[in-house]
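Please read the structure below before turning to the comments.
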Amino acid sequence: MEEKAKILIVDDDESICKTMKLIFEAKGYDIETVKTGQGAIAATQRSPCNIAILDIRLPDIDGVDLLTQLLELNAAIEIIMITGYASIETAVKALTKGAAAYITKPLNMDEVLATVNKALEKQQLTREKLRAEGALRRLTEELERRVEKRTRELEAANQELEAFAYSVSHDLRSPLRGIAGFGMAVLEDYSDVLDETGRDYLRRMHEATVRMSELIDDMLSLSRVSREEMHSKEIDMTALARTIAGELRSQEPGRDVELAISDNIVAYGDERLMHQVLENLLGNAWKFTSKHPSARIEFGATEQEKETVFFVRDNGVGFDMKYAGKLFNVFQRLHHADEFEGTGIGLAIVKRIISRHGGRTWAEGSVGTGATFHFTLPTEEGEEKT
Amino acid sequence: MNDGLILLVEDNPDDVILTKRALKDANIANEVILARDGVEALEYLRGEGAHKGRNTSIMPEVILLDIKMPRMGGLEFLKIIRSEESTKLLPVVILTSSKQEKDVVESYSLGANSYIQKPVDFDQFSAAVKKLGLYWLVTNIGPFGGQ
């Protein structure tokens, strides 16, 4: 401490005042002595002390009352009561009213000094505690300001992405339509001056534009998945899977596919996004079992404490585990376009949606026997949003 | 059927050629007036600028309107014609690349009669234009009692 600690001694006994003053000043403290409660109040109003040593029996005021009044003037003062054995009860009462300690007469100056030191330490600690609390408060405010700033930046970035996606959608489609349109126009209006190779080139050009259009649409779907707000709630996954299965069946009523969907599967997540996940996984299973005479698709789940593990299994063409790492990449395919159609965006979308929910995706398969796709979703208790 | 005029408001020259070709494919031989943006389209309707002196009692049977154009876009043009007596009843079909919900909603709230997205695939585009043409020029009875 840079400043000398200031001690106020309040006692109507002259000799006690003198003794204490001598001893404390020798230890380097700054001392003021008064004989009455009023004096103590006046001294504190003028310039508050660090420590006040009060005799419990003062001529003009009850010691405990004085204690209360001094603390009202300055809550930081540590107060030590001096009491005789007869008034120990009062001294204990003083402790409950905010006194730091009491010392009994006859005074043992070592005990007095030790008590004063302890009181000063307590004061120092309280000061440091308040300082730390202040610092913590300022840090929290600073953090909140930064979070607000980051959120604003994120929102701005999201809006830019939205505008970009719209631009891609609108502006890229225009010239694409030109290429497709004029290609077809040449094919139709000038087919008589073209040989078969020429007509073939034009057809291939047209196919390419159709494909490009699909790629643009898929890119936009993928970016939409990252941009849109998530509204999580409990979802009946069994019902969702059954609805999607129904749609698949109605699109290809001729196909005979065994669907084993377990009952009572629930998940905590965004319903619209999870619909996309199941649509992609069940759709894939449906597609890759199209060459199997007795196709079988299963959907089930295992509930664990913090997460639920879901799986979609099929007995279709499967894939080579050597390439499993590529499965969830954007536009990455493990099969040729003439075997199975698709752009390779479905699993990338699944992975992104599951990631946003805080889950994991992985797959197992073997060529010719089928594939199983797993994903986890945190339960409501174990929830972590990304 | 061949009497009605079509006002095509489109800035992309490729799309103009393709639209005209589609109309021809559908045997719709009506005259097509071209305006490259909202300003030229207004000049035509009002008989101003390059169309000064035209008989403004003759109005197009239908307006095929793109949204994104320079100077004055489709929606601004639509707002203006819907606020003027002589043009507020004209049938307007929005023909645009965008499928964005906000464009669809805004178009209808400004008074468009129909909204078609231009597909990339030419066959589909052609089929759409053909259906459009047949509907608005043949099936539909226009506000001016058919000319």
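Some notes on this structure:
- GNM result for chain B, Cα springs below 10 Å: residue of B:ARG46, B:ARG82, B:ARG54 fluctuating most strongly: B:ARG54
- Principal-axis tilt of helix A:196-227 within chain A, Cα atoms, nearest 10 degrees: 20
- Note on A:ILE216 and B:ALA29: the model spin-label points, each 7 Å out from Cα along the C-beta direction, lie 3.5 nm apart.
- When the alpha carbon gyration tensor of the protein assembly as shown is reduced to an equivalent ellipsoid, its three semi-axes come out at 85, 38, 19 angstrom, largest first.
- Cα gyration tensor category, rounded, prolate or oblate, for the stretch B:1-145 with a/c compared to 1.5: rounded
- Residue with peak Gaussian network fluctuation, chain A [Cα springs, cutoff 10 Å], from A:ILE80, A:ILE244, A:ILE235: A:ILE80
- The stretch B:1-102: relative contact order as a whole-number percent, Cα under 8 Å and 6+ apart: 30
- Partners of A:LYS27 within straight-line reach, counting aspartates and glutamates whose Cα lies under 19 Å from its Cα and excluding those fewer than 8 residues away in the same chain: A:GLU2, A:GLU3, A:GLU78, A:ASP110, A:GLU111, A:GLU121.
- Cross-link table A:LYS35/A:LYS118; A:LYS287/B:LYS131; A:LYS18/A:LYS129; A:LYS351/B:LYS68; A:LYS287/B:LYS68; A:LYS233/B:LYS68, entries beyond 29 Å C-alpha to C-alpha: A:LYS287/B:LYS131; A:LYS18/A:LYS129; A:LYS351/B:LYS68; A:LYS287/B:LYS68; A:LYS233/B:LYS68
- Among B:VAL92, A:THR96, A:VAL193 - extreme Cα towards positive end, dipole of the protein assembly as shown, charges at beta-carbon: A:THR96
- Simple rule: put +1 on each Lys or Arg Cβ and -1 on each Asp or Glu Cβ in the protein assembly as shown, find the dipole, and look at B:GLY133, A:THR376, B:ILE63; the Cα lying farthest toward the positive end is B:ILE63.
- Sites count as exposed loop sites when they are chymotrypsin sites (Phe, Trp or Tyr not before Pro), lie in a DSSP loop, and have at most 13 other Cβ atoms within 10 angstrom; the longest stretch of chain A without one is A:1-189.
- Its Cα centre serving as origin, the stretch A:3-83 has a Cβ charge dipole (Lys and Arg +1, Asp and Glu -1) of approximately 280 debye.
- Every helix of 4 or more DSSP H residues in chain A counts as -39500 (n - 2.57), and over all residues that averages to -17500 deg cm²/dmol at 222 nm.
- Projected label distance in nm at A:SER47 and A:GLU196, using a 7 Å step from Cα toward the beta-carbon: 11.4
- For the stretch A:44-179, the residue among A:ASN158, A:ALA86, A:THR115 whose Cα projects farthest onto the positive side of the dipole built from Cβ charges is A:ASN158.
- Phi-derived couplings, Karplus 6.51 cos²θ - 1.76 cosθ + 1.60 at θ = phi - 60°, listed residue by residue for the stretch A:276-286: 4, 4, 5, 4, 5, 5, 5, x, 4, 4, 4 Hz, with x used for Gly and Pro.
- Between A:ARG138 and A:ASP236, the FRET efficiency estimated from the beta carbon spacing at R0 = 35 angstrom works out to 0.15.
- Of A:LEU113, A:LEU215, A:LEU139, the residue with the greatest mean-square motion in the GNM of chain A, using alpha carbon springs below 10 Å, is A:LEU113.
- A 1.4 Å probe run over the protein chains yields, for the stretch A:310-380, 45 Å² of accessible area per residue, whole-number rounding.
- Of all beta bridges that DSSP places with both ends in the protein assembly as shown, some 40 percent have antiparallel geometry.
- Think of a 1.4 Å ball rolled over the protein heavy atoms: the stretch B:12-147 then has 48 Å² of accessible area per residue.
- Virtual spin-label span in nm between B:HIS51 and A:GLU258, 7 Å along Cα→Cβ: 6.9
- Degrees separating the helix A:14-26 axis from the principal Cα axis of chain A, which is the longest one: 50
- Each residue of the stretch A:116-125 was assigned a 3J(HN,Hα) from its phi angle through the Karplus expression (A = 6.51, B = -1.76, C = 1.60, θ = phi - 60°), giving 4, 4, 4, 5, 5, 4, 4, 5, 4, 4 Hz with x at Gly and Pro.
- Converting phi to 3J(HN,Hα) with the Karplus coefficients 6.51, -1.76 and 1.60 and the offset θ = phi - 60°, the stretch A:62-72 yields 5, x, 5, 4, 4, 3, 4, 5, 5, 5, 5 Hz in sequence order, with x at every glycine or proline.
- Residue-span extension gain [A:ARG360 to A:ARG249] - 0.36 nm each, minus C-alpha spacing: 37.1 nm
The values are calculated or read from the model by the stated rules, or taken from the named source; none is laboratory data. All of these numbers come straight from a predicted model, not from anything done at the bench. Note: ideal-geometry Cβ built from the backbone for every residue, glycine included; neighbour counts use all protein chains shown. Areas reflect the complete protein model, heavy atoms only, side chains present, ligands, DNA and RNA absent. Shrake-Rupley method; radii C 1.70, N 1.55, O 1.52, S 1.80 Å.
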